[in-house]
Structure formats: structure tokens, C-alpha cells
1. Rounded to the nearest 500, what is the 222 nm mean residue ellipticity of the chain from helices alone, with -39500 (n - 2.57) per DSSP H run of 4+ residues and division by all residues?
2. Per residue, how much accessible area does the chain have with a 1.4 Å probe, in Å²?
3. For segment 34-150, compute the orientation-averaged projected area of the C-alpha convex hull (one quarter of its surface), in nm².
4. How many percent of Cα pairs in segment 317-390 exceed 18 Å?
5. Can you send over the carbon and sulfur percentage of the accessible area for the chain, probe radius 1.4 Å, protein chains only?
6. What whole-number volume per residue, in cubic angstrom, does the convex hull of the C-alpha atoms of the chain give?
7. Once the convex hull of the alpha carbons of segment 208-291 is built, what does its volume come to per residue, in cubic angstrom?
8. From the phi angles alone, apply the Karplus equation (6.51, -1.76, 1.60; θ = phi - 60°) to segment 487-494 and give each ³J(HN,Hα) in whole Hz, x where the residue is Gly or Pro.
Amino acid sequence: MNRFFYLSVLAGLFLSFAACDTKTVRQPSKGPLPEQNVSGSVLNVSFDATIDSLDQQKAVYASSFEIIGGVIDGLMQMADDGSVKKAMCEEEIVSPDGLTYTFKLRKDVFWSNGVPVTADDFVYGWQRAVDPATQSEYAFLLSDIAQVKNAGAIMAGQMEPNQLGVRAVDKYTFEVQLTVPVSFFDQLLYFCTFYPANQKFIEKVGDKYATSPDTYLCNGAFILTEYKPEAKSIKLTKNTAYYDARNVKLAGVHYTFVNDGAEALRKYQSGELDLVELDGAQVQTQKDNPDFKSIDSGFLYYLSFNLDLPKFSNLNMRRAISLAFDREQIAQEIADGSIAAYACVPTGYTFSSSGQDFTTGSIEFPDSCSYNPTLAKQYFAAAQAETGLRNIEIEFLVADLDAQRIAAHSIKRQVEANLPGVKFNLKIVPKSERRKAMVSHQFELGLTNWGPDYADPMTYLAMWVTGNDNNHGNYNNPQYNALIASCTDGDLCTKPDERWTALKRAETMVMDDVAVSPVYQQCNADLIKSNVKGIAFHAVAINRIYKHTTK
């Protein structure tokens with residue numbers, strides 16, 4: 001969820017972000033409004049975890065997506081009500097067969113070094129995403145989800161990136177060729193992997209791209225003015241050359257990384273921060289505060305089993321563990337509004353054409369995802385007989401964040417109590433280390449999460465296809481793979497009702513096989529100053545957008 005060579009700050013001035021101030025910032029020399037006063041208030045926001053990258057084609061963390069979404073515009077963006085609206089796209093033309101998309105681009109959008117954003121930037125950005133050399137973890141969105149022509153072959157090293165089904169018809173016309181129609185294609189276009197990138201600039205700065213304001217380019221509502229990967233803060237300033245600058249009211253956004261809940265709360269109470277996320281213990285003391293808000297994040301937290309290990313290649317072992325802990329109790333202990341999860345697609349974010357929620361919130365899979373200590377013991381006994389293991393030790397990998405620590409300790413306590421002979425050894429590490437271990441399959445059992453990138457069940461179900469980078473446990477079910485393929489580029493992709501039914505069958509396969517074990521659906525317990533209005537919260541893609549925020 002990158003950019004910048006721009007911003008020449010007036011000599012001698014540092015961009016210190018006071019609560020309400022006026023700054024003079026030199027904007028793109030070739031764009032409109034080359035030099036304007038940046039007036040208004042700065043929004044001070046805390047993150048409890050660092051970002052992984054500001055490179056739009058490489059970023060993975062939700063925190064990164066939030067920042068990138070504030071400083072780079074793609075073809076589309078998410079409206080405050082969650083719908084899709086045009087950003088850089090001025091006109092969209094779709095062929096009758098749904099296979100060719102032609103986008104007429106705005107001609108008043110400039111990178112932060114003053115260079116116009118053109119169709120070539122989209123061609124390069126998309127080619128860069130699928131180029132194996134980029135190692136983009138979200139490249140599969142172009143191949144498996146968006147069905148862009150030749151994307152899969154390029155990612156497999158069978159074609160060159162310049163053979164991707166995209167082209168610049170002229171300077172401001174971008175064309176995309178799909179292999180099959182994709183009904184939610186426009187929803188994908190506000191996700192960061194589909195953002196433009198300037199080839200000349202990126203090749204000039206090389207590996208330093210997106211590591212500082214001088215090695216990054218922006219074209220969005222804000223521009224990056226202060227950032228170092230190891231720093232504890234990131235500062236964004238309003239982009240007065242932005243085509244919609246008149247509707248951007250904030251002078252900037254200042255992010256502070258605070259992984260200690262008590263420190264974050266103290267900074268909020270002292271007025272240093274305008275928005276903080278609370279941990280479970282703090283919710284109890286702050287839930288009656290008028291500033292308190294519980295906001296659905298859309299993130300599903302679940303256990304991932306390394307199925308390559310003998311202990312977890314056994315289905316009854318996985319069933320036993322999944323049934324041995326009470327998800328409702330865990331949600332109560334986390335105490336931030338999060339709810340128990342009983343399916344591998346969360347509730348309340350994706351709906352059929354008739355308005356049916358894909359996941360009802362009820363216990364749809366009681367034999368694999370409920371709280372049933374008696375049945376758990378029976379499955380464990382069967383697993384012991386099948387594997388010859390009497391006592392098992394499990395290394396339980398967890399990120400060092402409040403809610404995840406609470407959930408992990410609760411799971412450990414409950415499973416050990418309900419399954420004598422099982423011992424969990426908690427390994428609590430920084431989030432980046434946890435993710436690295438799971439992506440490389442160097443773990444036994446891990447508590448991980450996924451947030452929806454677009455409002456379709458496939459954003460979750462595609463993860464457990466064999467070979468997907470997010471299939472951390474190496475789940476391999478040929479029938480599942482075939483069913484997902486029929487819904488992406490097969491005979492069901494143009495039959496929405498039949499596709500919906502097939503996706504429910506796919507979810508049932510994952511749950512019956514206990515490829516993963518859902519734990520909870522996260523809500524964020526936030527404190528937001530009463531004078532802050534207009535933050536757009538979304539459970540899909542970019543969780544917080546400040547384009548229309550006022551303070």
C-alpha cells in the first residue's frame with residue numbers, strides 16, 4: 001500500500017506539525033498551484049505497529065495501505081460510503097463482452113516532482129506488480145482475481161512483463177485486456193497494487209525507492225514530507241497541486257508509532273494524539289468516554305496449521321484443537337468489540353445480489369469450529385491412535401500486539417486444560433518476524449490475520465489455493481483448487497448465483513478439512529477527539545481515509 005522526489009521545502013523551514021498552523025510548501029513545478037499556503041489543522045494518529053513498505057506494488061500491511069492510499073491515487077478510489085468512485089479515471093469504457101476496459105485519464109494529475117501522471121505510469125505499475133523480480137505478494141490479484149491477460153504466465157516466468165494485457169493507447173488512455181469478465185473489477189482498482197508508478201524515477205533511485213521523501217513520488221491528496229524506515233513517525237502534507245485539493249481540509253497527517261497502549265493513551269489525554277486504538281484493558285476504563293468508538297476493521301484472525309508437519313497433517317488433531325477453545329470467551333477477554341468467528345470468511349462485508357450475507361455469524365460448522373471439549377477429547381484420542389503420539393508440544397507463533405497476545409494466552413490456557421497431553425509453547429515475536437516465518441513455512445501453529453482487499457468472498461477463499469503466497473499451512477486440496485478456478489476463470493465466473501453457491505461449497509471444504517481455525521473478527525476500539533469529523537472507516541482495502549476529514 002510509495003513515492004517521492006519532490007517537495008523542496010522553503011529554505012530554513014522544517015515541517016513541524018503544530019495542531020493548527022499555516023505552512024508554505026513548494027509544490028510540483030509543472031503542475032497547477034505550484035506554490036501555495038498549506039493552512040488548516042494536522043491530524044495526529046497513532047499506529048501500534050510499524051509499516052512494512054511504502055512501495056505501492058510491494059506493501060503488505062494495512063498500516064502501509066493507509067498511508068499509500070493517502071498519497072497516491074489510482075484509477076478508482078473508495079467513496080466515504082464504501083462505493084467505488086472515479087479518481088484518476090475520467091471516463092471508463094467497457095466492451096460488450098466485459099474483456100476490454102478503456103480508461104480515459106484526467107490530464108490535471110501530477111507526480112510530486114511536477115511530471116504528469118500518464119497511461120505509461122499505469123502500464124509500468126501493473127507490469128512491475130507481476131514481474132517476478134518485484135516479488136509482490138499481491139501480484140496474484142492481477143492474475144488470479146483481476147484476470148489480466150498473461151499475468152499468470154509472466155509471474156511463472158513464461159512471458160516477459162511487457163506482454164501483460166495492458167497498453168497506453170495514447171498519453172492519457174489506458175487499456176486493459178482480461179481473459180474472462182470480472183464483475184467486481186472496478187473494486188480492485190482502488191487497491192494499492194493497481195496504482196501507477198513512474199518508471200524513469202524508480203529506475204533512477206533503484207532500491208532506495210519509497211524509503212524517504214526524496215526517493216518517493218506522490219499524486220494524491222497528501223504528499224510524504226518526513227519518513228525514514230526506522231523512524232517512529234511519518235508526516236504527510238496536503239498536496240495543493242492535487243486536482244481535488246479544495247475538498248481536502250487538513251493541512252496534513254502525522255503518524256506516530258506507539259506499540260505501548262499506556263503510552264498511546266497518555267499521549268491522547270495530553271492532546272498529542274487525535275486518534276488512538278485501545279487494547280483490551282483500556283477499553284474497560286474508556287468505554288464510557290464520549291470519544292470512544294468501536295469500529296469493525298474487517299480483519300479475520302485465525303489459526304494456521306503447518307500441514308507439512310506429522311502432528312498437523314492429521315485431521316483429527318486439527319479438529320481437536322479447533323474445538324478445544326471458546327471463541328466467545330476470547331472475544332470477551334480482548335474486550336474491544338471484536339466478535340467470535342466461526343467461518344473462514346467474516347460476517348458483514350460481502351453480500352449476494354439478493355442481499356444475503358455470505359457468513360451469517362451462526363455456527364455453521366459445529367464439527368470443526370465450535371466450542372465442544374467433549375468432542376475435542378474424542379478427536380484427540382483418535383489422533384493419538386492414528387499418529388502414535390501420546391503427548392505433543394506445539395510452538396505457537398504470535399505477533400507481539402496486545403489483542404493477539406490476549407487471544408494466544410487464552411487459547412493456550414483452554415486447549416491445555418481441555419486436552420491433557422497437549423502443551424503450547426508461546427513464541428511471541430514482532431509482527432514482521434511472525435509474518436516472515438509463516439510465509440516461509442517455518443512455523444508449527446500461528447495466529448495470523450487477513451483483511452478483505454475487495455468485497456467478494458474470493459479475497460479470503462483464494463488464499464488456500466495450492467501455491468498461493470498466503471497459503472501458509474500448505475493446504476492442498478485438488479477439488480478445492482478446481483472449484484475456486486471455476487469461480488475465477490472457469491464456467492461459473494459469469495454466473496453470479498451459481499458462483500455464490502460454489503464459493504459456499506469451497507468454504508465448507510476449508511472448514512471441514514480444518515485447513516485453518518477461525519478465532520475472532522476484529523473491531524478496533526478507538527478514541528477520537530470530538531473536534532475530528534469525517535474520517536472514512538472501511539472494512540475493505542484501505543481501512544481509514546482522511547481526504548474529507550476536518551479538525
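The values are calculated or read from the model by the stated rules, or taken from the named source; none is laboratory data. This one's a predicted model, so the numbers in the text were calculated from it and none came from an experiment. Surface areas here come from the heavy atoms of the whole protein model, side chains and all, with no ligands, DNA or RNA. Shrake-Rupley method; radii C 1.70, N 1.55, O 1.52, S 1.80 Å.
1. Per the formula, -7500 deg cm²/dmol.
2. 38 Å²
3. For the Cα atoms of segment 34-150, the hull's average projected area reads 10.0 nm².
4. Roughly 52 percent, rounded to a whole number.
5. Summing carbon and sulfur atoms, their accessible area is 49 percent of the total for the chain.
6. Taking the convex hull of the Cα positions in the chain, it is 141 Å³ per residue.
7. It comes to 121 Å³ per residue, whole-number rounded.
8. Values, residue by residue: 8, 9, 10, x, 6, 9, 5, 10 Hz.
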